[in-house]
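Working notes, beginning with the structure itself.
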Protein chains: 2
Amino acid sequence: MDAQRKRRPTMQQIARIAGVSVTTVSHVLSGNRPVSPRTAERVNAVIQRYDYVPVSAARRLKNGRGGLIALVVPDLTISYFAHVAKGVERAAEAAGLGVIICSVSVNAPRRHLDLVREGTVDGIVHLAYNQQLDREIVALSADYPVVIADEELPDATRIPTVTADNLHGGRLIGEHLAALGHRRALVIAGPEALASSSQRVVGVRELLPKALVLRGEFSADAGYRLVDEALGSGLGFTCIAAASDDQALGALRRLREAGVDVPGDMSITGFDDGAVADAVGLTTVRQPAIDMGVRACELLIERIQDMNSAAERPASTPVELLPVELIVRRTTGPVSTP
Amino acid sequence: MDAQRKRRPTMQQIARIAGVSVTTVSHVLSGNRPVSPRTAERVNAVIQRYDYVPVSAARRLKNGRGGLIALVVPDLTISYFAHVAKGVERAAEAAGLGVIICSVSVNAPRRHLDLVREGTVDGIVHLAYNQQLDREIVALSADYPVVIADEELPDATRIPTVTADNLHGGRLIGEHLAALGHRRALVIAGPEALASSSQRVVGVRELLPKALVLRGEFSADAGYRLVDEALGSGLGFTCIAAASDDQALGALRRLREAGVDVPGDMSITGFDDGAVADAVGLTTVRQPAIDMGVRACELLIERIQDMNSAAERPASTPVELLPVELIVRRTTGPVSTP
DNA sequence: CCCGATATGCCAAACGATTTGCACTTGATG
DNA sequence: CATCAAGTGCAAATCGTTTGGCATATCGGG
């Protein structure tokens, strides 16, 4: 029957049907030049009727931009990142932009950088995490709009950056534990190279100077393993401050296996306030994930405009810090006095 | 200083520098015509040196495809969906395709459908959830490559679909609870219109025919509210089978508040086996989220090829069912005999 | 009723890569 | 030496939209 595949109408055809020129149709769509209401209405009617959508590739090819930005995420299954993504989407939508999200692939970590090079997107928000990419990001940012979120890159003073106030977050944890009478703490930190983790540790130690620090990934497994180590070594401590909720979860599991009562015998805190924190009643620091996404997106939009207007770029951009908040739940309590 | 913005090289320039024609450069890239190894190497060297990446818009404009597919998700912050996304990405990468992810926006739910209409992507995997979009999806699928995942759409027999074996999952729950001696159950179902939820309920009731069914969203809040209702009405039951982990979580919270011991006084099960399930020790049914993503992506790739070769399309496509698995943890136990 | 101001529409040239038909140069093969 | 095949170049058309230059219609004021 219809061996003829239904073809999407082109702007030419829309113009012909509406009885105007392509120029006019284009201007109805873009609003770049005034069009009489009557004409506009007629054109719009035809567009509706034929469900016409302009081919984005043509537009992009012609004027370099396509109204699409990308968010690059290490791993979407980490709920914290997913929330940042939500924020980016919200802000982008408000600005009339589309957002696409890409996880950085293990096999081809640079693939997503090409998205901006090849012009599929106008700019990217990069959730830093993978240090191996840092240099490339910095290099890329010289020629294309890039914004860093969640992590402060060393030697990247010229890239707009937004992170949580990790230092203050650490202090909040420290104050809370100290106020409960704790003095000897085990701090489970993230990878050393990450500024966010280091800042948190610094904050905690301001209030608990004697804290012992162990490092590991942000995962639950790492938390489990490190607590296992610490217990094995017979180190004495009455509380654990983890650098992420996931680590805290792993720690909790290990403690449960060891028959340690939380918070009776041991207090424990996380960082992030993801969904699991609420589920298990974990005391933690809430990072404003959604807000972070929103701000990052806004910064990117500015950046795109700046680079396009060929304006002078400032020599350095301050890092924007977002406020954090202590959420007290059921895993922290007064130090036990046997 | 450098008021001159650095411009990305065009294929023309690459060709000139390498001392060949554009034709040759293009063929080196596409492999569409044999090129001598020596020439290819020289061209590739230049491409490397200048970090050349072809403008994707031009390619897409010329030959209609761009090697990019989209995954449309209701809400990425639901960890189950994030895992499906991971699977899609994995399969796409294996096929040399790029993946972009978009959450369906509340304000502009149809925005992402335009991604395929406007040709930004070659096809989409749609995680169904939002019934209001169902019709549009069905309509869209007539002209563009679309695959449905996770949910079976009514009247959509011509759209390739992959879901978990929800019926069997329900049976597993039912068997497990029945084997523990439970007879009177409260089933917390999802929205009625969703086939996945209905299937789960049917499965449970095969083994526990007397089960009482309440419906609500898949969220924790809904679980909390429904259990609250059930307790208030003084309905007698010894176990709760929720249609999602989140609902189960809400239910658990309400039970804790009511001082009901789990699993001593009440057993409870979820569905999904997301990260939280492990964290709180919830007995649940594991859906193969990642596998689902992989299969959906593979189906989409087939579909894209089929539609492109203008082949006859089969009148209907069978729904592909993925196996599920019961994961027993700490929230289920033998019925209490007072 | 005429004239300039303003609003609106049309034409055609880009944008950058792909692809096709044809011609040409090699080096190898019979 | 004739022939063939593979490798390569050239020029041109194409994809669909945008946009600057130019032509025309419409309107108010004098």
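At a glance:
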read-out	value
Dipole axis of the stretch A:1-72 (+1 Lys, Arg; -1 Asp, Glu on Cβ), positive-most option in A:V55, A:A40, A:A18	A:V55
For A:I240, residues with placed amide H under 5 Å, excluding near neighbours	A:L186, A:S267, A:I268, A:T269
Inter-label distance, nm, simple model (7 Å from Cα along the C-beta direction), B:N44/B:T10	2.7 nm
Other-chain or far-sequence residues with amide H under 5 Å of B:L194's (modelled H)	none
Chain A, dipole about Cα centre (Lys/Arg Cβ +1, Asp/Glu Cβ -1), debye to the nearest 20	1460 debye
Degrees, to the nearest 10: A:134-143 long Cα axis against longest axis of chain A	30 degrees
Estimated dipole of the protein assembly as shown in Debye, rounded to 20 [Cβ of Lys and Arg +1, of Asp and Glu -1, Cα centre]	2320 debye
With Cα atoms, 0 to 90° folded angle of helix B:79-94 axis to chain B main axis	30 degrees
Square roots of 5 times each gyration tensor eigenvalue, C-alpha, the protein assembly as shown, largest first, Å	46, 35, 22
Förster-model FRET efficiency, 22 Å R0, B:Q305 and B:R110, C-beta, rounded to 0.05	0.25
Contact order normalised by residue count of chain B, Cα under 8 Å, 6+ apart, percent	18 percent
Using θ = phi - 60° and Karplus 6.51 cos²θ - 1.76 cosθ + 1.60, couplings along the stretch A:235-245 (whole Hz; Gly, Pro as x)	5, x, 7, 10, 8, 10, 10, 8, 8, 7, 4
Area projected by the alpha carbon convex hull of the stretch A:246-338, averaged over all directions, nm²	8.5 nm²
Largest-first principal axis extents, alpha carbons of the stretch A:20-177, Å	70, 35, 29
Helical contribution to [θ] at 222 nm, DSSP H n ≥ 4, -39,500 (n - 2.57), averaged over chain B, rounded to 500	-13500 deg cm²/dmol
The stretch A:208-338, dipole about Cα centre (Lys/Arg Cβ +1, Asp/Glu Cβ -1), debye to the nearest 20	360 debye
Paramagnetic reach from A:E320 in the stretch A:64-108 [backbone N under 17 Å; point 7 Å along Cα→Cβ]	A:69-72, A:84-97
Using θ = phi - 60° and Karplus 6.51 cos²θ - 1.76 cosθ + 1.60, couplings along the stretch B:206-216 (whole Hz; Gly, Pro as x)	4, 9, 10, x, 8, 4, 8, 10, 10, 10, x
Anisotropy class of the stretch A:157-203 from Cα gyration tensor, a/c 1.5 cut	oblate
Other protein chain Cβ atoms within 10 Å, averaged over every residue that makes up B:142-148	1
Sorted by Cβ neighbour density within 10 Å, fewest at the top, the residues B:T120, A:T23, B:T24	A:T23, B:T24, B:T120
Sequence-distant residues sharing a close amide H with B:E325 (under 5 Å, placed H)	B:R286
Listed residues A:V319, A:V260, A:V204, most fluctuating in chain A (Gaussian network, C-alpha, under 10 Å)	A:V260
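Readers should treat all values here as calculations from the given coordinates under stated rules, not as data from a laboratory. Note that this is a predicted model, so its numbers are computed, not measured. Every residue, glycine among them, receives a Cβ derived from its backbone with ideal geometry; neighbour counts consider all protein chains shown.
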